[in-house]
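The values are calculated or read from the model by the stated rules, or taken from the named source; none is laboratory data. Predicted, not measured: the structure shown is a model, and the values here were computed from it. No Cβ is skipped: glycine too gets one built from the backbone with ideal geometry, and neighbour counts run over all protein chains shown.
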Amino acid sequence: MIRLLLCLYLSGFSLAAYAGSVTSANLNDKMWQALEQDENKVLDAQERSILGATLALQEDNPEKALQILSLGTTHSDPLANLLKAEAHRRAALQAVSQVGDYAKHRKLSEQQFAAIDLTEDLTEANVRLQAFADKIDGTSGFPLDILQLNSSINTIFMVDKARSRLFVYQRNTSGELVRVADEYVVTGAKSGDKLRRGDARTPNGIYRFTAVRHDPALRAQYGPVVFPIDYPNTLDKLHGKTGDGIWMHGYPENKTRRPPQDTRGCFALPNHVLTKMEQYVNPGKTWVIIGENFVFDHPDKNNELLASVQKTIQAWKSDWESLNTDAYLSHYHQNFRSGKYNLSQWKKYKKRINANKSYIRVALDDMVIIHDPTPWTSGEVVVVEFHQTYQSSNYRDNSKKRLYLTRKHQDLPWQILIEESL
């Protein structure tokens, strides 16, 4: 019955202005068709009803929303009931507005109905509709921030705070990175990047999961399992960020719905979704990219960005091997840090070390390059990780390295902001 009702509404409606990419009548038609057909049974009847009712309310058609909700199994769902209440309110407001002079207190009634507008409480419904629209037209491409991966990375989580979406990518049997999950996610109660402890913001940046914790003491508040990330990382600390304890976790046991911004800084999933995510988490190896409005397109779209980073790394390596210490040190940013060293200390250290060598050979293998979608005060940032084999006339070493490169403008060279051994 729900499919039949949705089918009846496939023509004659254009989507009103709506945040994000849901703006065209053509996309509106595609959404209605997808809701009606759902050939792969991606949506259950309840989710289909919620999406259809939200779309109807976006069209200011409350009667249509009520019809869709009446045919679904949504009577116990708080979000569906909010949609139903809003639809009744709008239907009543429309009816009162058509009374004209017949009703003595019509204006007062209109003001009363308008005063109880539930639109702000329906943010989750709107986000879910946006997510549905993006699945059809908007985020179907490859995430352009992922520039180069090595074989050690099997999964990547991407938290898009602006979309309230979690995208999970995993290598398939052919070694290609493919999307395996696209879920509604709840982030910090305050918008923007996390800066200090207790500011209720979810941090932007590139992280890793550090553990998988099944703790009965946490279950009632945070769900069946929690996944901490390594916030604050070295880049965060360099920029003066504070706080810790950022997790991917679930909902309190008595909640099945949460608005998009409702945590103290963590990112949260419905508990039944959270448990499915565990199969994709490998502590220490699964990367987590957190940002806003990720860009998706053909992976070749960012070849120029990738090439610029590779060129910088190759020049840095060549200058290092040349024993031209000044040329080598020119690749480091003025705010550079490496452990206890700032740039001045690093220059003294490297000049002293290199002065006693007759040759240096460096091999860089298994390279990972990921672009940080968030602009930092130092500029654009990429993270580069690799295995480094170092050999000189008086020393040999094998290690894993991580570099944070930054640049203020695209026409400027990348410089090393942070260098750390892992």
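Given the condition without any contact (Cβ under 8 Å) to a residue 12 or more places away in the chain and hydroxyl-bearing (Ser, Thr, Tyr), answer yes or no: does some residue in the range 152-168 qualify?
No, the range 152-168 has no match at all.
From the residues in the range 282-309 that are surrounded by 12 or more Cβ atoms within 10 Å (Cβ to Cβ) and more than 19 Å from Gly141 (Cα to Cα), which one is modelled with the lowest pLDDT?
Lys285
Table: residues versus (1) exposed (fewer than 14 other Cβ atoms within 10 Å of the Cβ); (2) of a type in the set (A, V, I, L, M); (3) out of contact with any Lys or Arg (no Cβ under 7 Å at 6 or more places or on another chain).
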site: Tyr169; (1), (2), (3): no, no, no
site: Glu176; (1), (2), (3): yes, no, yes
site: Ile206; (1), (2), (3): no, yes, yes
site: Ala211; (1), (2), (3): yes, yes, yes
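Only one residue in Ser399, Ser358 is among the hydroxyl-bearing types (Ser, Thr, Tyr), without any contact (Cβ under 8 Å) to a residue 40 or more places away in the chain and exposed (fewer than 11 other Cβ atoms within 10 Å of the Cβ). Which one? Working first, answer last.
Values: Ser399 fails: exposed (fewer than 11 other Cβ atoms within 10 Å of the Cβ).
It is Ser358.
Let's see how each residue does on (1) among the small types (Gly, Ala, Ser); (2) touching a strand residue (DSSP E or B) at 6+ places or on another chain (Cβ under 8 Å); (3) at positive phi; (4) in contact (Cβ under 8 Å) with a residue 60 or more places away in the chain:
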| site | (1), (2), (3), (4) |
| --- | --- |
| Pro216 | no, no, no, no |
| Asn254 | no, no, no, no |
| Asp300 | no, no, no, no |
| Trp316 | no, yes, no, yes |
| Leu323 | no, yes, yes, no |
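Looking at Thr155, Thr187, which one is within 17 Å of Val273 (Cα to Cα), in contact with a helix residue (DSSP H, G or I) (Cβ under 9 Å, 6 or more places away or on another chain) and of a type in the set (S, T, N, Q)?
Of the residues listed, the single one that is within 17 Å of Val273 (Cα to Cα), in contact with a helix residue (DSSP H, G or I) (Cβ under 9 Å, 6 or more places away or on another chain) and of a type in the set (S, T, N, Q) is Thr155.
Mind listing whichever residues of the range 242-260 are at pLDDT 95 or above and either closer than 23 Å to Asn81 by Cα or out of contact with any helix residue (DSSP H, G or I) (no Cβ under 8 Å at 6 or more places or on another chain) (or both)?
Those that are at pLDDT 95 or above and either closer than 23 Å to Asn81 by Cα or out of contact with any helix residue (DSSP H, G or I) (no Cβ under 8 Å at 6 or more places or on another chain) (or both): Thr242, Gly243, Asp244, Gly245, Ile246, Gly250, Tyr251, Pro252.
For residues that are closer than 23 Å to Gln46 by Cα and basic (Lys, Arg), tally how many sit in the range 221-272.
Of the residues in the range 221-272, 3 are closer than 23 Å to Gln46 by Cα and basic (Lys, Arg).
In the range 134-158, which residues are closer than 23 Å to Leu269 by Cβ and out of contact with any strand residue (DSSP E or B) (no Cβ under 7 Å at 6 or more places or on another chain)?
Passing the criteria: Asp134, Ile136, Gly138.
Just one of the numbered conditions (1) within 32 Å of the chain's Cα centre (by Cα); (2) outside the structural domain of Arg165 (by TED's automatic domain parsing) is not true of Ser322; which one?
It is condition (1) that Ser322 fails.
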